[in-house]
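Undergrad: Sharing a structure here in structure tokens format.
The values are calculated or read from the model by the stated rules, or taken from the named source; none is laboratory data. For clarity, every value in this text was computed on a predicted model and none was experimentally measured. Don't worry about glycine lacking a Cβ; one is built from the backbone with ideal geometry, like all the others, and counts go over all protein chains shown.
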Amino acid sequence: MFFTVVGSLLFAFSTNFALLLVSRIFQGISVGMLNGVAVAALTELDPKQNRIKAAFVGSMAVTIGNALGPVLSGLLGEYAPHPMKLAYFVHMFLAIPGFLGLFYMREKVRRPEAIRIHRPAVPRELFGRFYLSGITSFIAWSLMSLMLSIIPSYTEQLVGSANLAVAGAIVALVLSVSTISQIVLKNLPLQRLSLVGFAVTLLGLASLIVTLETKSLVFLFLTTLLIGFGHGPTFAGSLALTNHISPDASRGDIIASFYVVTYLGVSLPILGLGFAARWVGLNNAVFIYSALMMVLILISMYFWIIDARNARSVN
């Protein structure tokens, strides 16, 4: 929470690219530290220690937070004073109650070792299923990052509106659909949940390609719905699998590692897309990006099917 407050404060007073980069580093550290610990804490605080339920609550909290952020910041940026600063001050003050509340939380599990900062690690025997869940989340958030990047620009091009509140609302739609899909499909087995999410995502990518060719607002809306609906079960399923396979003693480390892979998915592919767009144009770059993601999805679906068979044989 400390890094969250510092990151927001730095963002509010950033005046150049270097300061923006430092601010983003502080925010990135805070997100990475908080998400892993939060899911571990949800599992520990649940009376029945239901790992699947805790993971679903954690995934929905992340998705809802990401949906509300663009709406609030869009409204503040468009209609409130100090559009480049106010959203960060609001974020900082929203974080303060959580920061204070942590002092009143008590862990149920007493750990004999002293608390120390260390690099999160995954036990070797969990590598196979961890990589499956990690690459699934990597893909899910790579595509969400794509949607959050191109939707505002395409909205301005197709709708003819540069209104920040409108752009924020449309960005929030894809994440809201993701949240709804997590609620609707939460009772499916983890493997089937991820397979359904990937199948819907493939349809969304096909719709995105049609959108690039036709510049159709209808297909843009359809792409938003399909990518959002596919993102929910793939992210929730991958996080639930990670939490399910994690031993109590190392759950925080494993989930933190999962989020490292997740945020690499948020950042690296979209950076590659940006560089590619300079050489081949945005439409061609998005087309190539979509084709590569389709290949990764099909490979991941194959391994999810194998995981489902292995799970049935164990049961």
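Undergrad: Please go through segment 259-271 and give me each residue that is surrounded by fewer than 19 Cβ atoms within 10 Å (Cβ to Cβ) and not aliphatic (A, V, I, L, M), ordered by number.
TA: Residues satisfying the conditions are 263, 267.
Undergrad: Follow-up question, since we're still on this one. I need the full set of residues from segment 1-45 which are within 30 Å of residue 251 (Cα to Cα) and of a type in the set (Val, Ile, Thr), in order please.
TA: Selection gives 4, 5, 6, 22, 25, 29, 31, 37, 39, 43.
Undergrad: Identify all residues within segment 207-227 that are within 19 Å of residue 175 (Cα to Cα) and either touching a strand residue (DSSP E or B) at 6+ places or on another chain (Cβ under 6 Å) or of a type in the set (A, V, I, L, M, F, W, C) (or both); write none if there are none.
TA: Across segment 207-227, the qualifying residues are 208, 217, 218, 219, 220, 221, 222, 225, 226, 227.
Undergrad: Would you say residue 206 is surrounded by fewer than 22 Cβ atoms within 10 Å (Cβ to Cβ) and at pLDDT 90 or above?
TA: Here the answer is yes, as residue 206 does meet what is asked.
Undergrad: Determine, yes or no, whether residue 188 is modelled with pLDDT of 85 or more, outside any helix (DSSP H, G or I) and aliphatic (A, V, I, L, M).
TA: yes
Undergrad: Identify, please: which residue in segment 224-251 is over 25 Å from residue 204 (Cα atoms) and not hydroxyl-bearing (Ser, Thr, Tyr) and is, among those, nearest to the chain's Cα centre (by Cα)?
TA: The qualifying residue nearest to the chain's Cα centre (by Cα) is 243.
Undergrad: Please enumerate the residues belonging to segment 235-258 that are over 19 Å from residue 171 (Cα atoms), at pLDDT 85 or above and surrounded by 23 or more Cβ atoms within 10 Å (Cβ to Cβ).
TA: Across segment 235-258, the qualifying residues are 236, 237, 238, 239, 240, 241, 242, 243, 246, 254, 258.
Undergrad: Could you tell me which of the residues 308, 236 is assigned to a helix (DSSP H, G or I), under 28 Å from residue 149 (Cα atoms), in contact (Cβ under 8 Å) with a residue 60 or more places away in the chain and small (Gly, Ala, Ser)?
TA: None of the others qualify; the one that does is 236.
Undergrad: Here's a check for you: in segment 122-139, which residue that is more than 20 Å from the chain's Cα centre (by Cα) and part of a helix (DSSP H, G or I) is surrounded by the most Cβ atoms within 10 Å (Cβ to Cβ)?
TA: 126
Undergrad: Name the pairs: first residue in segment 267-279 and in a helix (DSSP H, G or I), second residue polar (S, T, N, Q), Cβ to Cβ under 6 Å, at least 6 apart or on different chains?
TA: Short answer, once both residue conditions are applied: 269/142; 270/145; 270/149.
Undergrad: Separate question: Any chance segment 124-137 includes a residue that's small (Gly, Ala, Ser), at pLDDT 75 or above and farther than 17 Å from residue 244 by Cβ?
TA: No, because not a single residue in segment 124-137 is small (Gly, Ala, Ser), at pLDDT 75 or above and farther than 17 Å from residue 244 by Cβ.
Each row is one residue, and each column tells you yes or no for (1) at pLDDT 90 or above; (2) surrounded by fewer than 19 Cβ atoms within 10 Å (Cβ to Cβ); (3) closer than 29 Å to residue 121 by Cβ.
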{"residue": "233", "(1), (2), (3)": "yes, no, yes"}
{"residue": "274", "(1), (2), (3)": "no, yes, no"}
{"residue": "280", "(1), (2), (3)": "yes, yes, no"}
{"residue": "291", "(1), (2), (3)": "yes, yes, no"}
{"residue": "306", "(1), (2), (3)": "yes, yes, yes"}
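Undergrad: Would you tally the residues in segment 55-69 being of a type in the set (S, T, N, Q) and closer than 23 Å to residue 187 by Cα?
TA: Final tally of qualifying residues: 2.
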